[in-house]
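The values are calculated or read from the model by the stated rules, or taken from the named source; none is laboratory data. Here the structure is a predicted model, which is why all the values come from computation and not from measurement. Here Cβ is always computed from backbone atoms with ideal geometry, including for glycine, and neighbour counts include all displayed protein chains. For accessibility, only protein heavy atoms count, side chains too; no ligands or nucleic acids. Shrake-Rupley method; radii C 1.70, N 1.55, O 1.52, S 1.80 Å.
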Amino acid sequence: MLVEVRLHGARFRAVQAAASEIEELARRHQAGMWVVDAALIGHELSVDHRTVLHAYHRPPEIEPDSSERPDLRSQLFIWRTLLGLVTSVRIVKLEGRPHVGAVADRLAHGAFTRRRYDSETLQLRIPVGMEGRNPEDPPAESRSPWPAALLFSAWLLTGVACGYVAALSEGMLAMVPLLIACALVRPVGLQLFPHHESRPWSVPLAAGSLFVGALVAIGMRIPSIASSTPSAATVAWAAASVVLVPLLSYGLRYAFVHSWFSRNANWAVPALVPVLGLILPWFGGLMHTVYLQRAFGLPSEAAPVSLYWSYAASLVPVGVAALGVAVVLAVAGWARHFHFIQVRGMQRVGLALITLFIVGMTLLTGLAVAQLGATQARTTAASGRNPAPYYGVQGALVCVKPLNKDIAVFNGPFASTHPVLTFGPSGDRVWLWDPQRGKSLSVRLEDVVVTEKTARACR
């Protein structure tokens, strides 16, 4: 039996993956067969060998046998016709590079679909970029995108670094990085716009100057934006980001291309919108509850929060979970690209595992962020300062005086000699937190007078 196994990805381990897939299929059906010989066959799927010919109406100003130079309107029509910007009356697709006159003669005799072609009223042309490739030509060698990506990253870092060093240098020393940047103009321009006989040298030089100049300008703006010299950790994180972002991008592409998600994204992505619309505010409210309960022992109704702040609070843990999933999927994409894993049947359990991973990471990250913010807020309030705002929850130290000697206090006694923390009224009550006792209490709003704290003690 001669079996063809179609694989998408790198050539590395492609033969092993195809042989293992066939043998796994035989073992699954208990068939006594095995792979005797396996060879790699490359298909040039990305190249279209067909030439597309368009037929347009001839303008009345142009005569077929006229030797006179056409006017400006006729020239504009000719250029529009060459670029394919006029109405196409007929489209013919043929393999290779056929001659336009021969195709017009065949159409005039009713070839292909037996529909006659009037050469006096129609003209047949090949628009720009529609000429096919000759099947007899040898296939073009596939080039890896990594050298170009690494070269582009090197130019990016070098241009920004030259601008940054020039901004920090003084006197004639600033000319050294600028000269290095000028040396990059020609190679960068030739890479962006390769030189041809029909293209003047000014085009690649201008493109290289604009590209390098923009990078140098960005680098020179960095010292004015940054308040201090970046630390070694910041530089290391920036360098790691420059290296890891292309790796993650390519890995995600390899994970999603020709997959279950790419075939069902038209309904899977819209289905996530109402789900996230219901889950995100609930999770943001859970983070607010953990923040108030963990730090001050207050219920969630002690600090009314807008729905928009609930969405904002949930974005941080959801973003962290999404980043973790992106890293896992990128690693899986690279493994799939090099045929280390087989994707057949993995979508049945992969979606469930990714969903559980996202939910678990979101919960853990959200609770950790809420507890960290609660600990910092409690420490700040105990030291006599207002805590930092936490996604719409803003606490303030105030002085509270009772209007009567005997008032109803929940979880008393009532503290009126020193400032207490409050997050504002909640209905007809106000919840307070006593820094000295470390306890929460509640009183009716009509029984007390709340004033702003002006000293460490209240009078």
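What to note about this one:
- Selection status of ALA322, in contact (Cβ under 8 Å) with a residue 12 or more places away in the chain, surrounded by 15 or more Cβ atoms within 10 Å (Cβ to Cβ) and not aromatic (Phe, Trp, Tyr): no
- Cβ-Cβ under 8 Å pairs, at least 6 apart or on other chains, the range 262-273 side farther than 18 Å from ALA352 by Cβ and β-branched (Val, Ile, Thr), far side modelled with pLDDT of 80 or more and not in a helix (DSSP H, G or I): none
- Options LEU292, LEU298, LEU286, LEU280; residue that is in a loop (DSSP other than H, G, I, E, B), at pLDDT 85 or above and within 22 Å of GLY373 (Cα to Cα): LEU298
- Residue count, the range 441-459 (criterion: of a type outside the set (A, V, I, L, M), open to solvent by less than 70 Å² (accessible area, probe 1.4 Å) and modelled with pLDDT under 85): 4
- Filtered residues of the range 193-215 (kept if modelled with pLDDT under 80, surrounded by fewer than 14 Cβ atoms within 10 Å (Cβ to Cβ) and either under 26 Å from ALA166 (Cβ atoms) or hydrophobic (A, V, I, L, M, F, W, C) (or both)): TRP201, SER202
- Residues of the range 421-438 satisfying the condition of being under 46 Å from the mean Cα position of the chain (by Cα) and assigned to a strand (DSSP E or B): LEU421, THR422, PHE423, GLY424, PRO425, SER426, VAL430, TRP431, LEU432, TRP433
- Residue within the range 174-192 that is open to solvent by 70 Å² or more (accessible area, probe 1.4 Å), modelled with pLDDT of 80 or more, in contact with a Leu (Cβ under 8 Å, 6 or more places away or on another chain) and assigned to a helix (DSSP H, G or I) present: yes
- Test for LYS401: is it modelled with pLDDT under 85 and more than 34 Å from the chain's Cα centre (by Cα): no
- Screening HIS8 on (1) surrounded by 12 or more Cβ atoms within 10 Å (Cβ to Cβ); (2) over 30 Å from ILE126 (Cα atoms); (3) at pLDDT 85 or above shows it passes everything except condition (3).
- Residue within the range 259-270 that is surrounded by 13 or more Cβ atoms within 10 Å (Cβ to Cβ) and either within 24 Å of THR379 (Cα to Cα) or among the aromatic types (Phe, Trp, Tyr) (or both) present: yes
- Every residue from the range 353-406 that is open to solvent by less than 70 Å² (accessible area, probe 1.4 Å), under 26 Å from LYS453 (Cα atoms) and in a helix (DSSP H, G or I): GLY373, ALA374, ALA377, THR380, ALA381, ALA382
- Residue selected from the range 419-428 under the condition surrounded by fewer than 18 Cβ atoms within 10 Å (Cβ to Cβ) and free of Cβ contacts under 8 Å to residues at least 24 places away in the same chain, by the criterion farthest from LEU397 (Cα to Cα): ASP428
- Residue selected from the range 116-153 under the condition among the hydrophobic types (A, V, I, L, M, F, W, C) and modelled with pLDDT of 80 or more, by the criterion most open to solvent (accessible area, probe 1.4 Å): ILE126
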